[in-house]
Amino acid sequence: CKDEHEGYYVIDQHAAHERILFEKMKNNISKQNVTKQILLIPININMDQIKIKTLFEYNDLLKKIGLEIEKFGENSILIREVPSLLINYDIKQIIIDLCDDLMEIGMPKSLDEKINLILGNIILPI
């Protein structure tokens, strides 16, 4: 009797790693146990005031997932803390992409969908 589940499986290790990271971060957020890394040198991001305003509308949610941002002059922000799981990622590009998505599609109404949108932007594009 041949098992119909025999065969080969192809697993995208990069995608699998992203999914594991996504689930770890969601779990940490739900347990309010996000480990943050204070950056020795804050990341400076130049952006227009509309994007900065959009980003700061969701500042409380960003803090909840471990991102600490602050205004720095008229047209820039500083990233002071990041989730420890993301310390080796391109945080600057993540924030720029997240801001663009928030401006384009807006923020969902439910908290779970908001967290999924932000985490999806943080983890999946990398």
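We did not get these values from a lab; they are worked out from the coordinates using the rules stated. From a predicted model like this one, the values you see are computed outputs, not experimental measurements. So basically every Cβ, Gly included, is an ideal-geometry build from the backbone, and we count neighbours across all protein chains shown.
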For this session: Would you pull out the residues with amide H under 5 Å of Ile43's amide H, same chain only if 5 or more places away, H placed 1.01 Å from N?
Result: Ile79
Exercise. When the Karplus curve 6.51 cos²θ - 1.76 cosθ + 1.60 is applied with θ = phi - 60°, which whole-Hz ³J(HN,Hα) does each residue of the stretch 38-45 get, with x for Gly and Pro?
Worked result: 6, 7, 4, 10, x, 8, 9, 10
Seminar exercise, completed: The set of residues whose placed amide H lies less than 5 Å from the amide H of Asp90, leaving out same-chain residues fewer than 5 positions away, is none
For this session: Just subtract the alpha-carbon distance of Ser84 and Phe72 from 0.36 nm times their residue separation and send over the number in nm, one decimal.
Result: 2.0 nm
Problem set entry | Residues listed by number, the stretch 57-97, amide nitrogen under 17 Å from Gln37 label point at 7 Å toward C-beta | 65-69, 79-95
For this session: Give the peptides 80-89, 46-55 in descending order of average Cβ contacts within 10 Å, highest first.
Result: 80-89, 46-55
Seminar exercise, completed: Each label sits 7 Å from Cα toward the beta-carbon; between Met47 and Gln93 the label points are separated, in nm, by 1.6
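So, by mean Cβ neighbours within 10 angstrom, what's the order for 90-99, 68-77 with the highest one leading?
The most tightly packed comes first, giving 90-99, 68-77.
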